[in-house]
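Just so you know, all these numbers are worked out from the coordinates, no wet-lab data involved. From a predicted model like this one, the values you see are computed outputs, not experimental measurements. FYI the Cβ positions are ideal-geometry reconstructions off the backbone, even for glycines, and counts take in every protein chain you see.
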């Protein structure tokens, strides 16, 4: 994607987005709600026309050669893109026919995919009776009917429980082995970390940072330790004992945050220091930087337009 | 992955192949609608029974056919057939609205399928449903005393006119669903079809109405189809002698054709540009 713009009325969904994804790599697009992630995916998957800029997928211009692009891509959108009234096999067979595999091949391909995604026992059950994780796996299977050259995953694990999330991650990893190019959008730093070779951080329809997960994390400053005290009045005393730079104090929640680049060593040290001073801690946890902190660090201001997702991201991180 | 070698997607080469693809995709989408029916037999039966219920209600309870001499079923059955075809509008609109609200349309649109196939599948399924519905209703009509008198060819012509009206309503329904396809809009249309349905000669002859109202009723496309179908079946038409009544067969063709000419291109265009 090269300088891509898309407006909805007054709102600029994409404002000069640049994005290059290397063949056979997994590229994560990380950003808060409203950053333009879904708009970008809808443009590259030919569902939406961009206003300005140039977009090519597998070397093909998406505007001029949409038909050829569609033959080379798989799409896993934010919402399950399967027919909920039909069964899993019925869905996959229908999509296989629409890819013109022929009736027999569409049927056998459906069986292969059902087995691969652990859905072979679903029989005639309608998709609307599936669990969230099963639905997502079927959706992913539908995106892979042709073993596409390029796969777009738009927030593939949003709304899934940890188990469903692991299932989807495993499936994506197994694909990458097969040489598929993957563009993945997510609100979760750890998801991008787990799956992506490179990450683009986008905000307000523009890429604000790009690099490998390690490069980005280095810029954010690594892991942190959070300590919640039982007694708020000893917050300052504890902070002084822990010392060091870049401390955050949150009196309302009786919480101190400190960098923990060495993770376990920082944890042991903190427990020892507090114990020796007789300060009781209610909770101590080492965690990865959250999306909030990535944003704060790279844009100098907190990520906007978020609802409960950030909370989930923290739990997962 | 071993499957990679066997699942490459072919492209259509040449015009004949493209037509073949279009037909294959349309058939796949029609199969999808038929599979939906197979999973909801109750809904299918209710949709077939509802117009039959209306027919029996107006025959035995409400006393339709006001102002027409002879057996009221002779007048009512053709009218009810036309009404059922016109009310197909809401069934189509509902189905399209439900479809558009779901992610599966996005998948279809991101696939190398022929773009119009989704709409063709919808129309094929709806037309098939209408044929079955006409068969059931004429069967019930026959049972309650209605007959056709002008032979099989004329009767088939009548069925053709009814399906033409249904086909026109189909494209209106698709377009309405795409323009204002929220569930509450469907409810609004489901209510509004009733006054439009009653402002026709389906239940009563315009001769029995005040002059201005009779004129409005006579020019209702549904009235044109109902009058033309009555003539073809050889049922009493409640002749009013007006130009619209005298030329009902012409109007029963012109009205739907005009509606299709307006709404078909609109709907196809709108579908191609969804969420742009």
request  = Pop the C-beta distance of residue A:163 and residue A:197 into the FRET formula with R0 = 25 Å and round what comes out to the nearest 0.05.
outcome  = 0.50
query = Hey, in the GNM for chain A with a 10 angstrom Cα cutoff, which one of A:201, A:86, A:151 fluctuates hardest?
reply = A:86
key: Inter-label distance for residue B:48 and residue B:185, nm, one decimal - labels placed 7 Å from Cα along Cα-to-Cβ   = 3.2 nm
query = Regarding the range B:151-276, what are the three Cα extents along the principal axes, ordered largest first, in Å?
reply = 51, 34, 21
ask   = To the nearest 0.05, what FRET efficiency results for residue A:173 and residue B:136 with a Förster distance of 45 Å applied to their C-beta separation?
value = 0.25
note = Computed from the beta carbon distance with a Förster radius of 22 Å, FRET efficiency for residue B:153 and residue B:61 to the nearest 0.05 stands at 0.05
task = Can you give me the three principal axis dimensions of the range B:56-164 from its C-alpha atoms, in Å, biggest first?
result = 59, 32, 21
query = Mean shadow of chain A, computed from the convex hull of its alpha carbons, in nm²?
reply = 18.5 nm²
note = Note: residue A:248 to residue A:298 extended length (0.36 nm per residue) minus current alpha-carbon separation gives 16.2 nm
key: Extension gain (nm, one decimal) between residue A:271 and residue A:111, 0.36 nm per residue minus Cα-Cα   = 52.2 nm
message = Checking the a/c ratio against 1.5 first, then a/b against b/c, what shape does the Cα gyration tensor give for the range A:53-144?
response = prolate
key: Three-way shape call for chain B based on the alpha-carbon gyration tensor, with the a/c threshold at 1.5   = prolate
request  = Run the numbers on chain B and let me know its relative contact order in percent, using alpha-carbon pairs under 8 Å that are six or more apart.
outcome  = 27 percent
remark   = Site residue A:65, offset 7 angstrom along Cα→Cβ, radius 19 Å on amide nitrogen, limited to the range A:22-39, gives A:22-24
note = Quick calc: nm separation of the 7 Å Cα→Cβ label points for residue B:19 and residue A:121 -> 5.0 nm
query = At what distance in nm do the modelled label points of residue A:283 and residue A:263 sit from each other, each positioned 7 Å from its Cα along Cα→Cβ?
reply = 2.1 nm
request  = Among A:25, A:39, A:122, determine the one that fluctuates most according to a GNM of chain A built with springs between C-alpha atoms less than 10 Å apart.
outcome  = A:122
message = Using only the Cα atoms of the protein assembly as shown, what are the Rg and Dmax in Å?
response = 31.5, 108
task = For every helix of n ≥ 4 consecutive DSSP H residues, a contribution of -39,500 (n - 2.57) applies; sum these over the protein assembly as shown, divide by its total residues, and give [θ] at 222 nm rounded to the nearest 500 deg cm²/dmol.
result = -17500 deg cm²/dmol
query = Can you give me the relative contact order of the range A:2-218 as a percent, contacts being Cα pairs under 8 Å and 6 or more apart?
reply = 31 percent
query = Between residue B:35 and residue B:213, 0.36 nm times their residue separation minus their Cα-Cα distance comes to what?
reply = 59.6 nm
